[in-house]
Amino acid sequence: MKIIKFGAIWCPGCLVMRNTWLNIRGKYKDIEIVDYDYDNDKDRLIEYSIEKKLPVIIFIDKDNNEVKRLVGEQSEKDLEKEILEVIDL
């Protein structure tokens, strides 16, 4: 599984989630987490149909298909719940 996340330095929700992502990376080392910046990765914004509301978190399965998308700030508990649900798919 892979997680693609879109954020920006001007995004309050992205800043709030910074520690959450540090914890998630530490707990789930076997999950690839790819970061894209809203201001610097315009091609990826188009590829994944990202609008202005951030953060955006996209879960990708082993076949490289999008299986879930979350938009907006997530608590660590909720994000972990989503990760576990996607792992079980």
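The values are calculated or read from the model by the stated rules, or taken from the named source; none is laboratory data. Predicted model only: the values in this text are computed from it and were never measured. Neighbour counts run over all protein chains shown; Cβ positions are idealised from the backbone, glycine included. Note: areas computed on protein heavy atoms with side chains; ligands, DNA, RNA excluded. Shrake-Rupley method; radii C 1.70, N 1.55, O 1.52, S 1.80 Å.
Could you say which residue among 30, 39 is part of a loop (DSSP other than H, G, I, E, B) and either free of Cβ contacts under 8 Å to residues at least 12 places away in the same chain or within 17 Å of residue 82 (Cβ to Cβ) (or both)?
It is 30.
Limited to segment 1-32, what total is found for residues that are hydrophobic (A, V, I, L, M, F, W, C) and loosely packed, with under 15 Cβ neighbours inside 10 Å?
So the answer is 5.
Considering every residue within segment 67-85, establish whether at least one is farther than 20 Å from residue 22 by Cβ and among the polar types (S, T, N, Q).
Residues of segment 67-85 farther than 20 Å from residue 22 by Cβ: 67-69, 71, 85.
Those still in the list that are among the polar types (S, T, N, Q) too: none.
No: segment 67-85 contains no residue that is farther than 20 Å from residue 22 by Cβ and among the polar types (S, T, N, Q).
Among all residue pairs at least 6 apart or on different chains, which show Cβ distances below 7 Å where the first residue, located in segment 64-89, is at pLDDT 95 or above and the second is among the charged types (D, E, K, R) and open to solvent by 60 Å² or more (accessible area, probe 1.4 Å)?
Listed by first residue and then by second, the contacts come to 71/53; 72/53.
Here are 54, 45: which of them is open to solvent by less than 100 Å² (accessible area, probe 1.4 Å), among the hydrophobic types (A, V, I, L, M, F, W, C), out of contact with any Ser or Thr (no Cβ under 8 Å at 6 or more places or on another chain) and part of a loop (DSSP other than H, G, I, E, B)?
Of 54, 45, the one residue that is open to solvent by less than 100 Å² (accessible area, probe 1.4 Å), among the hydrophobic types (A, V, I, L, M, F, W, C), out of contact with any Ser or Thr (no Cβ under 8 Å at 6 or more places or on another chain) and part of a loop (DSSP other than H, G, I, E, B) is 54.
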